[in-house]
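Asker: To start, I am sharing the structure in question, which I have written as structure tokens.
The values are calculated or read from the model by the stated rules, or taken from the named source; none is laboratory data. As the structure is a computational prediction, the values presented were derived from the model and not from experiment. Reconstructed Cβ throughout: ideal geometry from the backbone, glycine too, with neighbour counts over all protein chains shown. SASA here: full protein model, heavy atoms, side chains in, ligands and nucleic acids out. Shrake-Rupley method; radii C 1.70, N 1.55, O 1.52, S 1.80 Å.
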Amino acid sequence: MTQRQTLPVLPLRGTVILPGVTNPIAAGRPGTLRAIEAALKGDRLVFAVAQKDNTDEPTPDILYSMGVLARIGQIQRGLGGVQLLLQGEQRATALQYSTTEGYLTAVVLPTEEMRPLDENDAAFEALHKETRERAQELGEKRGLPEEVVHQVLDSVEDPGKFADLVAGYIELPVPEKQGLLETLSVEERLRRVLVHVQRQIGMLEAQEEIKSQVQEELGERQREMFLREQLKAIQKELGDDDQSKEVSELREKLAKLDLPKEARTEVERELGRLERSGRESMEAQVIRTYLEWIAELPWGKRSDDQLDLNNAGTVLDEDHYGLQDVKDRVLEFLAVRQLRARQVAEEVTKTGEFPAARLRGAREDATPTLHPHEGEERITDAAEAKARAMAKGPILLFAGPPGVGKTSIAKSIARSLGRQYVRVALGGARDEADIRGHRRTYVGAMPGRIIQGMKQAGTKNPVFLLDEVDKLGQSFQGDPASALLEVLDPAQNDSFTDHYLGVPFDLSEVLFIATANFIQNIPGPLLDRMEVVEFSGYTEREKAEIAKKYLIPRQLEESGLGDRHVTFADDAVMSVVSQYTRESGVRQLEREIGRAARKVARKIAAGDESDLADSVIDAAEVRELLGRPKVHPERVQESHQVGMATGMYYTPQGGDIMFVEASIRRDAATRPADEEGRRTGPMALILTGQLGDVMKESARAALTYATNNAAALGIPADKLAGASEAHIHVPAGAIPKDGPSAGLAIATAIVSELSGIPVQRDVAMTGEITLRGRALPIGGVKEKVLGAHRAGITTIIIPRRNEADLEDVPAEVRAQLTFHAVDTLSEVLAIALVSEPRPDVKAA
């Protein structure tokens, strides 16, 4: 059909007919019925075209220009109109609409579709195949039988007709379906049909998922309700009610607990609510969980303390090497508690009671009463009194660098006392609920870390370690450090109330110990409740002993070498300590030993046992196993030098020496002159080596003192007059440096450079300098001395007010060094500068 023809118009409301698709149509409007009758008198062809608006009286303005030439099939007449089947045959375009004998007619021209240039093109075939597969999937998801879907789709091979067939059965709005009708390009029509089909599939899948969820939820609830009713009836007939039995068991378990009055009241109230609520209700689950927490807490169970101080000392010595100051403080801590516990136990045995207030400690703001013993709690159990007395006293805070044994010493304290040990890591905690718990109104509420730790311990007097208290965070959810204030206050923690429990829990018998790396990060009120015990780190000799006694046997066992009799020589251990690690603790040392042990194990496993099995590993073999040294500590200078002094510094990784270099630029013409021609202007100062503000101020003070007291310090006037610029440099420029303790070394280097007298190479010094030349005290003397001794220094100068700190230095180190305590820079120069020329002097 390529000729124009005039056909009756069949306006369609809410639908679009496509070629090759048969649609049932209900017609009842007078104009439409007249058009159908006119078509039946001829060849039964009509021009079926969609309306743009859903109106009863169609006009040419609301009809699309493109429709379908359709043939009327079966027709069934009724009282309200007719029912007929329309078979779309071909696209057509209306050139003109007109009204004839009460119905619309149109002059139409059949429209040909645009075939693809190459129907065998791989992309086009893939598009056709994909559309066919997705259309089949859509049909099956709509519930059509698979055979019917195959029969309908396989009956059409032509891509264009297939696209029209699928588009005819897709539920689309009229404008979108009309757009498919007006798409003449077969390839584009296939692509658009594929998009709509995929969208329909996604919608059906979402509907199916929602439907299944609703059905599952409703079905499971109805089924569960039905089964529970049946179960209740069966249990009632058998006389075996599981819920009542469970509640009875829980009640019996709670009745055996020694609960305080407030807790007992709350438990009875919750038990009554549990009995009244249905077992399957959410409220019953919450109540049951709460009561189980109450039942599992150690309300009255405590472990018996071992009051043997000698045993405690033995345990500490077995578990740790060195740290004698810390061990002494721990033993003093335990001794006071043990004596106090014995005193209280004896008084309870004699008198039968003991005032509980005397064990909690009086608060500073407490108001005295006329009758202090009226109504107060009195303890009659000797074990309870002893346990409370053991917990009374300051809370220890172990502060020091990582890896020095803070956590393990707390564990040793628990072992020496025979108590349970609980560790709670507080690093990164930012929510107050981590300490106090969540209120039961929240879904998934739980007690805080403290109550969880008490449940884990199983006794009410454990050793409770609060690890990393300096790393507590703070957020809009509260400050956990503030929540710890009540926990760590002996005057308040006997009635600690967790938000989840809602009743007081006694923590007064708990022995709290905290650890931290940096005490400056701990809030002041929290730090005020603890007594700080400093862990300064291990010396190299101590590290070597720790490696031989603990680390090497453990790493050999973990590497499968426990039965191979492989040992490390003393020089090998010292090599690992000094050349492969730089730390205050021993964690990296253990890792390096483990690395060496694994390499030995690999060689033995590979069959090379002749050289390694039953052998001693020396320093040379350590170099072969671990590679080149990773740490290069400073060593004493090879000769005396002018303008170079040796200072000492301390970091959390230990102490070491550093060199301070001074150079004077002598260019008198750059300094202003007075009327007599003398150069008198101030000397410029250059500071390099990434020095901090405090260190820069020390350098300025040292230069000012040296220039103002040049005559007294033995600096020739001609050398001072010609000096225009002083340059102070501290090597290792990539490492920031700060602190006042390099003041004496800077001043010594400046005086040496100005006077031309060299500084002795084996002398190291530390101390702050003032504008009057006084030597002020500094910190870290022990670590600095140990670092200097390791570097080969033989003479050390310290401020006189630091002389008492030398008692912390090991005796074997003190015996190998010469110490000079000084008050002024003049005393330092008398010791540090070479008194007469020596052949090994070099100019800086």
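Asker: Do you know which residues across segment 1-24 are more than 22 Å from Thr111 (Cβ to Cβ) and not charged (D, E, K, R)?
Answerer: To start, the set of residues in segment 1-24 that are more than 22 Å from Thr111 (Cβ to Cβ) comprises 13-14, 24.
Gly14, Pro24 - these are the residues of segment 1-24 that are more than 22 Å from Thr111 (Cβ to Cβ) and not charged (D, E, K, R).
Asker: Do we find a residue being of a type outside the set (Asp, Glu), open to solvent by less than 10 Å² (accessible area, probe 1.4 Å), part of a helix (DSSP H, G or I) and more than 23 Å from Leu257 (Cα to Cα) anywhere in segment 444-459?
Answerer: No, there is no match, as no residue in segment 444-459 is of a type outside the set (Asp, Glu), open to solvent by less than 10 Å² (accessible area, probe 1.4 Å), part of a helix (DSSP H, G or I) and more than 23 Å from Leu257 (Cα to Cα).
Asker: Return the only residue of Ala804, Ala717 being at pLDDT below 85 and open to solvent by 60 Å² or more (accessible area, probe 1.4 Å).
Answerer: Numbers: Ala804 fails: at pLDDT below 85.
Of Ala804, Ala717, the one residue that is at pLDDT below 85 and open to solvent by 60 Å² or more (accessible area, probe 1.4 Å) is Ala717.
Asker: Here's another thing I want to ask about it. Return the pair list, or none, for Cβ contacts closer than 9 Å from residues in segment 81-95 that are hydroxyl-bearing (Ser, Thr, Tyr) to residues that are modelled with pLDDT of 90 or more and assigned to a strand (DSSP E or B), at least 6 apart or on different chains.
Answerer: Hits for this filter: Thr93/Met66; Thr93/Gly67; Thr93/Val108; Thr93/Leu109; Thr93/Pro110.
Asker: When you go through Asp571, Asp563, Asp528 one by one, which is the residue that is surrounded by fewer than 21 Cβ atoms within 10 Å (Cβ to Cβ), touching a residue at least 12 places away in the same chain (Cβ under 8 Å), of a type in the set (Asp, Glu) and on the phi < 0 side of the Ramachandran plot? Spell out how you get there, then give the answer.
Answerer: Values: Asp563 fails: touching a residue at least 12 places away in the same chain (Cβ under 8 Å); Asp528 fails: touching a residue at least 12 places away in the same chain (Cβ under 8 Å).
Of Asp571, Asp563, Asp528, the one residue that is surrounded by fewer than 21 Cβ atoms within 10 Å (Cβ to Cβ), touching a residue at least 12 places away in the same chain (Cβ under 8 Å), of a type in the set (Asp, Glu) and on the phi < 0 side of the Ramachandran plot is Asp571.
Asker: Right, next: Which numbered condition in (1) free of Cβ contacts under 8 Å to residues at least 12 places away in the same chain; (2) in contact with a Leu (Cβ under 9 Å, 6 or more places away or on another chain); (3) assigned to a loop (DSSP other than H, G, I, E, B); (4) not aromatic (Phe, Trp, Tyr) is the only one that Lys696 fails?
Answerer: (3)
Asker: Go through (1) of a type outside the set (Val, Ile, Thr); (2) in contact (Cβ under 8 Å) with a residue 12 or more places away in the chain; (3) under 30 Å from Lys782 (Cβ atoms); (4) open to solvent by 70 Å² or more (accessible area, probe 1.4 Å) one by one and return the number of the condition Gly322 breaks.
Answerer: With respect to (1) of a type outside the set (Val, Ile, Thr); (2) in contact (Cβ under 8 Å) with a residue 12 or more places away in the chain; (3) under 30 Å from Lys782 (Cβ atoms); (4) open to solvent by 70 Å² or more (accessible area, probe 1.4 Å), Gly322 is out only on (4).
Asker: Residue by residue through segment 724-745, note down the ones that are part of a loop (DSSP other than H, G, I, E, B), open to solvent by 10 Å² or more (accessible area, probe 1.4 Å) and more than 21 Å from Thr824 (Cβ to Cβ).
Answerer: Quick first cut of segment 724-745, residues part of a loop (DSSP other than H, G, I, E, B) only: 730-736, 738-742.
Checking the rest, the ones that are also open to solvent by 10 Å² or more (accessible area, probe 1.4 Å) come to 731-736, 738-741.
Correct list: Pro731, Ala732, Gly733, Ala734, Ile735, Pro736, Asp738.
Asker: Identify the single condition in (1) over 25 Å from the mean Cα position of the chain (by Cα); (2) buried (at least 20 other Cβ atoms within 10 Å of the Cβ); (3) hydrophobic (A, V, I, L, M, F, W, C) that Ile513 does not satisfy, given that it satisfies every other one.
Answerer: Evaluating Ile513 over (1) over 25 Å from the mean Cα position of the chain (by Cα); (2) buried (at least 20 other Cβ atoms within 10 Å of the Cβ); (3) hydrophobic (A, V, I, L, M, F, W, C) leaves (1) as the failure.
Asker: Name every residue in segment 190-205 that is open to solvent by 80 Å² or more (accessible area, probe 1.4 Å) and closer than 15 Å to Leu138 by Cα, in order of residue number.
Answerer: First pass over segment 190-205, keeping only residues open to solvent by 80 Å² or more (accessible area, probe 1.4 Å): 191-192, 198-199, 203, 205.
Result: Gln198, Arg199, Met203, Glu205.
Asker: Against the condition modelled with pLDDT under 85, open to solvent by 60 Å² or more (accessible area, probe 1.4 Å) and assigned to a helix (DSSP H, G or I), how does Lys630 come out, does it pass?
Answerer: Details: modelled with pLDDT under 85: yes; open to solvent by 60 Å² or more (accessible area, probe 1.4 Å): yes; assigned to a helix (DSSP H, G or I): no.
No: the conditions fail for Lys630.
Asker: Say whether the condition of being farther than 30 Å from Thr795 by Cα, at pLDDT 85 or above and open to solvent by less than 60 Å² (accessible area, probe 1.4 Å) is met by at least one residue in segment 601-609. Show your work before the answer.
Answerer: Initially, segment 601-609 is screened for residues farther than 30 Å from Thr795 by Cα, giving 601-609.
The next check asks that each one be at pLDDT 85 or above; those that pass are 601-602.
Filter again for open to solvent by less than 60 Å² (accessible area, probe 1.4 Å), leaving 601.
Yes, that holds for at least one residue.
Asker: With the structure loaded, tell me whether Arg415 is modelled with pLDDT of 85 or more, closer than 23 Å to Phe333 by Cα and over 20 Å from the mean Cα position of the chain (by Cα) or whether it fails that test.
Answerer: Values: modelled with pLDDT of 85 or more: yes; closer than 23 Å to Phe333 by Cα: yes; over 20 Å from the mean Cα position of the chain (by Cα): yes.
Yes: the conditions hold for Arg415.
Asker: Hey, could you check segment 810-837 for residues that are out of contact with any strand residue (DSSP E or B) (no Cβ under 9 Å at 6 or more places or on another chain) and outside any helix (DSSP H, G or I) and say which is nearest to Ile778 (Cα to Cα)?
Answerer: Pro810
Asker: I want to confirm something. Restricting to segment 280-298 and keeping residues that are touching an Asp or Glu at 6+ places or on another chain (Cβ under 9 Å) and closer than 19 Å to Arg440 by Cβ, which single residue is most open to solvent (accessible area, probe 1.4 Å)? Full working, then the answer.
Answerer: The first filter runs over segment 280-298 and keeps only residues touching an Asp or Glu at 6+ places or on another chain (Cβ under 9 Å), leaving 280, 287-288, 290-291, 294.
Filter once more, so that each one left must be closer than 19 Å to Arg440 by Cβ: 287-288, 290-291, 294.
Numbers: Ile287: 5, Arg288: 26, Tyr290: 1, Leu291: 0, Ile294: 1 Å².
Result: Arg288.
Matching residues to (1) buried (at least 24 other Cβ atoms within 10 Å of the Cβ); (2) of a type outside the set (Ser, Thr, Tyr); (3) touching a residue at least 60 places away in the same chain (Cβ under 8 Å):
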| residue | (1), (2), (3) |
| --- | --- |
| Ala747 | yes, yes, yes |
| Val751 | yes, yes, yes |
| Leu754 | yes, yes, yes |
| Ile757 | no, yes, yes |
| Val813 | no, yes, yes |
| Thr818 | no, no, no |
| Leu825 | yes, yes, yes |
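Asker: If you don't mind, another one. Scan segment 460-480 for residues that are surrounded by 22 or more Cβ atoms within 10 Å (Cβ to Cβ) and within 24 Å of the chain's Cα centre (by Cα) and report the count. Break it down stepwise before answering.
Answerer: At the first step, the residues of segment 460-480 found to be surrounded by 22 or more Cβ atoms within 10 Å (Cβ to Cβ) are 460-466, 469, 472, 480.
Still in the list and also within 24 Å of the chain's Cα centre (by Cα): 464-466, 469, 472, 480.
Residues meeting the conditions: 6.
Asker: OK, next. I'm trying to understand the selection: among the residues of segment 255-286, which are modelled with pLDDT of 80 or more, more than 21 Å from Ile450 (Cα to Cα) and of a type outside the set (D, E, K, R)?
Answerer: Of everything in segment 255-286, those that are modelled with pLDDT of 80 or more, more than 21 Å from Ile450 (Cα to Cα) and of a type outside the set (D, E, K, R) turn out to be Ala255, Thr265, Leu271, Gly272, Leu274, Ala284, Gln285.
Asker: Something else now. With the checklist (1) within 24 Å of Asp738 (Cβ to Cβ); (2) without any contact (Cβ under 8 Å) to a residue 24 or more places away in the chain in hand, flag the one item Glu807 doesn't pass.
Answerer: Only one criterion is unmet by Glu807, namely (1).
Asker: Quick check: anything in segment 39-57 among the aliphatic types (A, V, I, L, M), closer than 21 Å to Tyr169 by Cα, out of contact with any helix residue (DSSP H, G or I) (no Cβ under 7 Å at 6 or more places or on another chain) and at pLDDT 85 or above?
Answerer: There is at least one residue in segment 39-57 that is among the aliphatic types (A, V, I, L, M), closer than 21 Å to Tyr169 by Cα, out of contact with any helix residue (DSSP H, G or I) (no Cβ under 7 Å at 6 or more places or on another chain) and at pLDDT 85 or above.
Asker: Which ones in segment 520-542 are within 26 Å of Gln324 (Cβ to Cβ), touching a strand residue (DSSP E or B) at 6+ places or on another chain (Cβ under 7 Å) and at pLDDT 85 or above?
Answerer: Ile522, Met530, Glu531, Val532, Val533 - these are the residues of segment 520-542 that are within 26 Å of Gln324 (Cβ to Cβ), touching a strand residue (DSSP E or B) at 6+ places or on another chain (Cβ under 7 Å) and at pLDDT 85 or above.
Asker: If I filter segment 72-80 for residues that are under 25 Å from Leu10 (Cβ atoms), without any contact (Cβ under 8 Å) to a residue 12 or more places away in the chain and either acidic (Asp, Glu) or open to solvent by less than 60 Å² (accessible area, probe 1.4 Å) (or both), do I get at least one hit? First the steps, then the outcome.
Answerer: Just the residues of segment 72-80 that are under 25 Å from Leu10 (Cβ atoms), to begin with: 72-80.
Still in the running and without any contact (Cβ under 8 Å) to a residue 12 or more places away in the chain: 74, 76-79.
With either acidic (Asp, Glu) or open to solvent by less than 60 Å² (accessible area, probe 1.4 Å) (or both) added as a condition, the list becomes 78.
Within segment 72-80 (the criterion being under 25 Å from Leu10 (Cβ atoms), without any contact (Cβ under 8 Å) to a residue 12 or more places away in the chain and either acidic (Asp, Glu) or open to solvent by less than 60 Å² (accessible area, probe 1.4 Å) (or both)), the answer is yes, since at least one residue qualifies.
Table: residues versus (1) surrounded by fewer than 20 Cβ atoms within 10 Å (Cβ to Cβ); (2) not in a helix (DSSP H, G or I).
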| site | (1), (2) |
| --- | --- |
| Ala135 | no, no |
| His150 | yes, no |
| Leu172 | yes, yes |
| Leu181 | no, no |
| Gln207 | yes, no |
| Ser212 | yes, no |
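Asker: Across segment 81-105, what is the number of residues that are under 18 Å from Pro30 (Cα atoms) and open to solvent by 70 Å² or more (accessible area, probe 1.4 Å)?
Answerer: Filtering segment 81-105 for residues under 18 Å from Pro30 (Cα atoms) gives 81-84, 97-105.
With open to solvent by 70 Å² or more (accessible area, probe 1.4 Å) added as a condition, the list becomes 83, 99, 101.
Counting residues in segment 81-105 that are under 18 Å from Pro30 (Cα atoms) and open to solvent by 70 Å² or more (accessible area, probe 1.4 Å) gives 3.
Asker: Right, another one. Yes or no: segment 9-17 includes at least one residue that is out of contact with any helix residue (DSSP H, G or I) (no Cβ under 8 Å at 6 or more places or on another chain), outside any helix (DSSP H, G or I) and without any contact (Cβ under 8 Å) to a residue 12 or more places away in the chain. I'd like the intermediate steps shown before the answer.
Answerer: Going residue by residue through segment 9-17, those that are out of contact with any helix residue (DSSP H, G or I) (no Cβ under 8 Å at 6 or more places or on another chain) are 12-13.
This time we only want the ones that are outside any helix (DSSP H, G or I), so: 12-13.
Imposing the further condition that a residue be without any contact (Cβ under 8 Å) to a residue 12 or more places away in the chain reduces the set to none.
Checked segment 9-17: no residue is out of contact with any helix residue (DSSP H, G or I) (no Cβ under 8 Å at 6 or more places or on another chain), outside any helix (DSSP H, G or I) and without any contact (Cβ under 8 Å) to a residue 12 or more places away in the chain.
Asker: Let me ask you something else. Hey, among the residues in segment 759-787 that are in a loop (DSSP other than H, G, I, E, B) and of a type in the set (D, E, K, R), which one's nearest to Val809 (Cα to Cα)?
Answerer: Taking segment 759-787 first, the residues in a loop (DSSP other than H, G, I, E, B) are 760-762, 766-767, 770-773, 777-780.
From what is left, the residues that are of a type in the set (D, E, K, R) are 761-762, 772.
Values: Arg761: 22, Asp762: 19, Arg772: 30 Å.
Here the answer is Asp762.
Asker: Looking at segment 423-443 only, could you name the residues that are in contact with a Gly (Cβ under 9 Å, 6 or more places away or on another chain) and open to solvent by 90 Å² or more (accessible area, probe 1.4 Å)?
Answerer: Selection gives Arg423, Arg430, Arg439.
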